[in-house]
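In what follows, a structure is listed as structure tokens, so that the remarks can point back to it.
The values are calculated or read from the model by the stated rules, or taken from the named source; none is laboratory data. Computed from a prediction, not measured in an experiment: that's the story for all the values here. Because the Cβ atoms are built from the backbone with ideal geometry, glycine has one as well, and the counts that use them run over all protein chains shown.
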Amino acid sequence: MTDFQPLLQSRDGLDVYNAGLPRFPRNFTRDGIITALLAKDTHMMEQQLRFCALHQGDKFDPVTGEEHGKIHHEWPGFPIREQLTTYNACDSAAFFLIGAKWLNQQEPNNKFLEAYKPAIKRAAEYIESHLNDDGLFEESPSYCGAKQFALRVTYWKDSVILDRPDGEPLYPAVFSLAHVQNLAGMRAAAQLLDSDHFSALAGRMATAISYLFDTQTGTLFTAIDTLGPIRAVSSDALHALYYLEPTDLSPDQVESIVLASEQLESQIGYLLMTPEDGHRMKRGYHADTVWPFEQALIHAGAQKFGLERVMRVCGRVMRVLHGDHSPELLSLKVIEPAIASNPQLWTIAAKAYFGNSD
């Protein structure tokens with residue numbers, strides 16, 4: 001039995017979960033929905049989705065990053081750089097839509113869809129408002145009227161980014177993984193709302209993936225900002241497979257991603273980036289470390305694409321996750337938890353996922 005109880009907290013009369021203790025005693029959309037997906041927990045998913053809809057953005061706020069239709073990053077927001085992190089995630093609306101689609105598939109008679117169609121539509125419209133002329137999902141603080149966000153980076157690796165001053169992209173920026181996640185969100189909205197309009201937008205976004213493939217490294221760009229591409233062999237491309245359909249990439253592209261990702265293989269799973277690139281990062285938090293939740297998502301994506309080698313590498317993380325040992329991330333240097341939260345919500349979910357995997 002998966003025990004999320006230590007992280008359970010009632011907020012607004014709903015059973016939702018904090019991301020981790022002691023560092024993250026707040027509710028994160030990304031963490032909550034990924035956890036429900038990995039643990040296959042419909043009650044957790046519905047409660048998290050209802051909480052997201054309750055706090056869905058309805059104005060533009062340069063302090064919190066709020067926009068119309070946007071879903072919160074963490075609640076309550078945390079103060080950084082004289083701003084709040086409340087809406088500092090460019091993938092939260094996508095996860096709201098992905099989670100709603102999954103819940104509807106698991107429980108077709110659930111009343112969530114009927115009650116929350118307006119919120120689903122607003123989340124899809126938020127994604128649409130961020131599509132550039134090439135059909136790529138772009139991020140910029142200018143969308144909420146700000147000059148900067150509280151966080152330097154607003155996809156899940158939200159500490160710093162490689163090869164930019166102070167680890168911050170020069171916005172507007174396209175994060176490859178976030179584009180793919182928002183594509184999955186748009187597809188979910190099209191299905192849930194039976195919308196030809198959103199379906200057409202998803203088609204544009206799928207075609208635009210070609211702009212994100214880096215033939216130099218054989219994988220996806222980390223990001224493209226106003227200074228140009230940010231290149232690195234990272235876990236992003238393998239992670240992206242979870243949200244993509246097999247027809248979104250050519251067989252040669254998939255093979256190239258897997259080959260490039262061999263540089264990330266370790267005895268406990270895939271590193272976020274190569275040790276060489278990790279040494280150039282200003283912070284090690286999102287550098288050459290292994291995150292258990294990501295191993296579960298990569299494993300699920302690899303299963304969809306039939307990549308047995310990738311599945312085996314991901315499964316190695318279970319060698320170091322025993323009993324109540326549920327750390328946020330792992331350091332390869334000492335094969336033990338890095339300094340972070342333990343327990344961590346989505347690590348518990350990853351253990352549940354691998355425990356139920358074939």
Please count how many residues of region 83-100 are among the β-branched types (Val, Ile, Thr) and part of a helix (DSSP H, G or I).
1
Of everything in region 137-189, what is free of Cβ contacts under 8 Å to residues at least 24 places away in the same chain and polar (S, T, N, Q)? Give them in sequence order.
none
Would you confirm whether any residue within region 101-121 is without any contact (Cβ under 8 Å) to a residue 40 or more places away in the chain, assigned to a loop (DSSP other than H, G, I, E, B) and either among the aliphatic types (A, V, I, L, M) or buried (at least 24 other Cβ atoms within 10 Å of the Cβ) (or both)?
no
From the list 141, 165, 169, pick out the single residue that is surrounded by 21 or more Cβ atoms within 10 Å (Cβ to Cβ) and farther than 16 Å from residue 244 by Cβ.
169
Residue pairs meeting the criteria (Cβ under 6 Å; at least 6 apart or on separate chains; first surrounded by fewer than 22 Cβ atoms within 10 Å (Cβ to Cβ) and at pLDDT 95 or above, in region 281-307; second of a type in the set (A, V, I, L, M, F, W, C) and assigned to a loop (DSSP other than H, G, I, E, B)):
301/241; 305/241
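Just to be sure before I move on: is residue 155 farther than 17 Å from residue 204 by Cβ and touching a strand residue (DSSP E or B) at 6+ places or on another chain (Cβ under 7 Å) in the structure I sent?
Values: farther than 17 Å from residue 204 by Cβ: yes; touching a strand residue (DSSP E or B) at 6+ places or on another chain (Cβ under 7 Å): yes.
In short, yes.
Residue-wise test of (1) closer than 24 Å to residue 121 by Cβ; (2) of a type outside the set (Phe, Trp, Tyr); (3) in a helix (DSSP H, G or I).
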position	(1), (2), (3)
9	no, yes, no
16	yes, yes, no
22	no, yes, no
30	yes, yes, yes
33	yes, yes, yes
36	yes, yes, yes
46	yes, yes, yes
59	yes, yes, no
70	yes, yes, no
Boolean, residue 183 is closer than 23 Å to residue 251 by Cβ and of a type in the set (A, V, I, L, M):
yes
